[in-house]
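Report on the structure given below.
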Amino acid sequence: MAQSEKSIRRRGLMLVISSPSGAGKSTIARNLLENDTGLEMSVSVTTRSRRASEIDGVHYHFVSERDFARLRDTDALLEWAEVHGNFYGTLREPAEIAMADGRDMLFDIDWQGAQQLGDRMRADMVSIFVLPPSLRELKARLLRRAEDSAKTIENRLANARIEIEHWVEYDYIVVNDDLGRAYADIRAIVDAERLRRDRMPGLFDFVTGLLDEKTGDA
């Protein structure tokens, strides 16, 4: 019996989704995880305070600044960044194990983290930047979310301009003017990237098997 496509050994990919706060990346990421059993979330470590809707170890690993510094200084982080006065980082060991096992991981990180991750594991990374349709709409979304103070929203809007300037560093750009369409676009990107020849070292054995296969008498 011929080997099926699903049985071909494949290296995992790192799906990086970045955007200004409020542009919709967290909602898109949640929808991806709910509908794609082959994708798992990379749980970042952070020093920021936990929101009421968040669970430690599920949304983030919440740590002290002292513990974060220890992880950073012992090279236990693949990337780290300071965002809005708080530190965020990606644990190295879980990510490297997942890639070797052929598991795909989703990274909800900013442009600073994406740069560092690209420097260390570029061949495994697929990066997507989500843009809002306008800064006016971005402000409206932050206000509707009602999770941050007026001062925090002001800071997020100021930082959004800096973050958007880094759009050219990403593989793909998706404008989130319609959530359903943006989600569909990102699903299409993931499906295509999973089929890339250079992500499937098992293809060599598969093709060798095809060429050696006996088809019987004509």
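As a rough guide to protection, the peptides 36-48, 10-22, 191-203 ranked by mean Cβ packing within 10 Å, highest first, stand as 10-22, 36-48, 191-203.
Angle of helix 25-35 to the longest C-alpha principal axis of the chain, folded into 0 to 90 degrees and rounded to 10: 40°. Calculated FRET efficiency, Leu211 to Ala123, Cβ-Cβ distance, R0 = 25 Å: about 0.40 to the nearest 0.05. Beta bridges from DSSP with both residues in the stretch 10-198: antiparallel share about 30 percent, rounded to the nearest 5. Between Glu96 and Val168, the FRET efficiency from the beta-carbon distance, with R0 = 25 Å, is close to 0.35.
Inter-label distance, Ser134 to Ala69: 4.6 nm, where each label sits 7 Å from its Cα along the C-beta direction. Charged side chains reduced to their Cβ positions (Lys and Arg at +1, Asp and Glu at -1) give the chain a dipole of some 560 debye around its Cα centre.
The angle between the Cα long axis of helix 179-194 and the longest principal axis of the Cα atoms of the chain comes to about 40 degrees, rounded to the nearest 10. Coupling constants for the stretch 86-101 follow from the phi torsions by the Karplus curve (6.51 cos²θ - 1.76 cosθ + 1.60, θ = phi - 60°), and in residue order they are 10, 9, 9, x, 10, 5, 5, 4, x, 5, 5, 5, 4, 4, 5, 7 Hz; glycine and proline get x.
Can you give the convex hull volume per residue for the Cα atoms of the chain, as a whole number of Å³? Let's see the in-between values first.
On the way: hull volume 31.2 nm³, N = 218.
With only Cα atoms used, the chain gives 143 Å³ per residue.
Toward the positive end of the charge dipole of the chain, with +1 on the Cβ of Lys and Arg and -1 on the Cβ of Asp and Glu, the farthest Cα among Asn159, Thr74, Gly38 is that of Asn159. Distance from the alpha carbon centroid of the stretch 1-64 to that of the stretch 177-217 works out to 21 angstrom. Against the main long axis of the alpha-carbon atoms of the chain, helix 150-164 sits at an angle near 40°. Listed by chain and number, the aspartates and glutamates whose alpha-carbon sits under 20 Å from that of Lys139, ignoring those within fewer than 8 places in the same chain, are Asp110, Glu147, Asp148, Glu154, Glu163, Glu165, Asp177, Asp178. As an exercise, use a Förster radius of 22 Å and the Cβ-Cβ distance of Glu147 and Ile55 to find the FRET efficiency, rounded to the nearest 0.05. Working from the Cβ atoms, E equals 0.90.
Readers should treat all values here as calculations from the given coordinates under stated rules, not as data from a laboratory. None of these values were measured; they are calculated from a predicted model. In this analysis, Cβ positions are derived from the backbone assuming ideal geometry, glycine residues included, and neighbour counts consider all displayed protein chains.
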